[in-house]
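Asker: Handing you a structure now.
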Amino acid sequence: MPAAIIDFYTDFLICSTGATTATGLSNLLEGSISHDQVTRFLSGPQFSSVDLWRAVKPLIREIESADGVLIIDDSIEEKPYTDENEIVCWHYDHSKGHSVKGINFVTALYQTGEMAIPVAFELVHKKEVYTDPKTGKEKRKSSVTKNEHCRQMLKVCVQNNLQFKWVLADSWYSASETMSYIRGDLCKGGRDIHFVMPLKSNRNIALSLADKKRGNWVKIETLSLEEHALQEIWLEEVDFPLLLCKQTFTNEDDSSSVLYLVSSDMNLSWEQMTTLYQRRWKVEEYHKSLKQNASLEKSPTRTVTTQTNHFFACLLAYIKLEKLKIKTKLNHFAIKSKIYCSALQRAFQELQVMQNSLTGWSVSA
């Protein structure tokens, strides 16, 4: 029965356009699965990244490629009206420039060919409560950083013998320790794994090994680096050179933005490096679909366990959508729209039947 409940619940997450409650699913199935059965599923045992790998492993073995990429990124499932706990708390949202209340999650997304599948995840648990000396207010913090979560997930992916060549991430994960871990620990078993990541423009770099040893650091933003040019650089606490390139973008308001990319593969061209990093966009599509098509933010769950299990089910719902995408040649939003349109047609037909049963009554203009 738990497997059947998970299957029905994930279908419910895809089909639903409103709150995803236990009562709603039970009513949809006309009581064949009770409200209590759904509640017991959500209340435990608590699912983890290990369970996700067990669920996706058969699919991954069918699609994996030695040239696959592993994308590490985090996002926030906003829950402004839910009581605070160790996972529902305040997190800084870089896209909004301020803190929001919700669940902060980190994902390892495996991308190869047309598919992008989550293979590992971690929810940020802020168990430690402290008093902010500036404001005097109580705040929460996690004992594990997101870079530590990143390195742990990379380690597990290698232990699971997942085939990938590249690690892609944003500037939050471009810590020297993470870079060294990828080229050091992850490659100890004979693997040759590289990364492409952006660096913040105020990051200190050396232009040669000799400059690094002498402590001659300059900020990236001071370099006269031409578009399409490549520059060998060195970072503190990183024992190997990196390849740096610059991309300039024009924003909607005609202002320009600069992205500085670095890679551990010194043989890449500018085109290869920028094309590789473009594959990171898949994680943005994943976050958007998880929230809008898999009902991530639609659950009224309130405890750490029920919220974790709902999140896990949303990952499975996303994977179902990804499979349907390949089969139907439709993207996730088109699939959701088609389901909604079909449901609306059925509702319209039901209304016509109900109205046709009325006699001697009509609505006048």
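Asker: Answer yes or no: is there a residue in the stretch 173-186 that is over 21 Å from residue 312 (Cα atoms), touching a Pro at 6+ places or on another chain (Cβ under 7 Å) and buried (at least 16 other Cβ atoms within 10 Å of the Cβ).
Answerer: Checked against the condition, which is being over 21 Å from residue 312 (Cα atoms), touching a Pro at 6+ places or on another chain (Cβ under 7 Å) and buried (at least 16 other Cβ atoms within 10 Å of the Cβ), the stretch 173-186 yields at least one hit.
Asker: Scan the stretch 90-107 residue by residue and report those that are part of a strand (DSSP E or B) and either in contact (Cβ under 8 Å) with a residue 24 or more places away in the chain or out of contact with any Phe, Trp or Tyr (no Cβ under 8 Å at 6 or more places or on another chain) (or both).
Answerer: Passing the criteria: 90, 91, 92, 93, 100, 102, 103, 104, 105, 106, 107.
Asker: For a quick check of your reading of the model, give me the residue pairs whose first member lies in the stretch 212-227 and is exposed (fewer than 13 other Cβ atoms within 10 Å of the Cβ), whose second is part of a loop (DSSP other than H, G, I, E, B), with beta-carbon atoms closer than 6 Å and at least 6 apart or on different chains.
Answerer: That search, which allows pairs on different chains as well, returns 219/202; 221/201.
Asker: Within the set of pairs 6 or more residues apart or between chains, which connect a residue that is in the same structural domain as residue 74 (by TED's automatic domain parsing) and over 19 Å from residue 196 (Cα atoms) inside the stretch 266-295 to a residue that is of a type in the set (Val, Ile, Thr) and part of a loop (DSSP other than H, G, I, E, B) with Cβ atoms less than 7 Å apart?
Answerer: If the second residue must be of a type in the set (Val, Ile, Thr) and part of a loop (DSSP other than H, G, I, E, B), the pairs left are 295/20.
Asker: Moving on. Report, by residue number, each residue of the stretch 274-306 that is crowded, with 21+ Cβ neighbours inside 10 Å and among the polar types (S, T, N, Q).
Answerer: 289, 293, 295, 299, 301
Asker: Of the residues 166, 172, which single one is touching a residue at least 24 places away in the same chain (Cβ under 8 Å), among the aromatic types (Phe, Trp, Tyr), more than 18 Å from residue 266 (Cβ to Cβ) and in contact with a His (Cβ under 9 Å, 6 or more places away or on another chain)?
Answerer: 172
Asker: Go through the stretch 314-357 residue by residue and tally those that are surrounded by 12 or more Cβ atoms within 10 Å (Cβ to Cβ), hydroxyl-bearing (Ser, Thr, Tyr) and not in a helix (DSSP H, G or I).
Answerer: Qualifying residue count for the region: 0.
Asker: May I pose another question? So, residue 263, is that one buried (at least 20 other Cβ atoms within 10 Å of the Cβ), hydroxyl-bearing (Ser, Thr, Tyr) and assigned by TED's automatic domain parsing to the domain that holds residue 103 or not?
Answerer: No, not satisfied.
The values are calculated or read from the model by the stated rules, or taken from the named source; none is laboratory data. All of these numbers come straight from a predicted model, not from anything done at the bench. In this analysis, Cβ positions are derived from the backbone assuming ideal geometry, glycine residues included, and neighbour counts consider all displayed protein chains.
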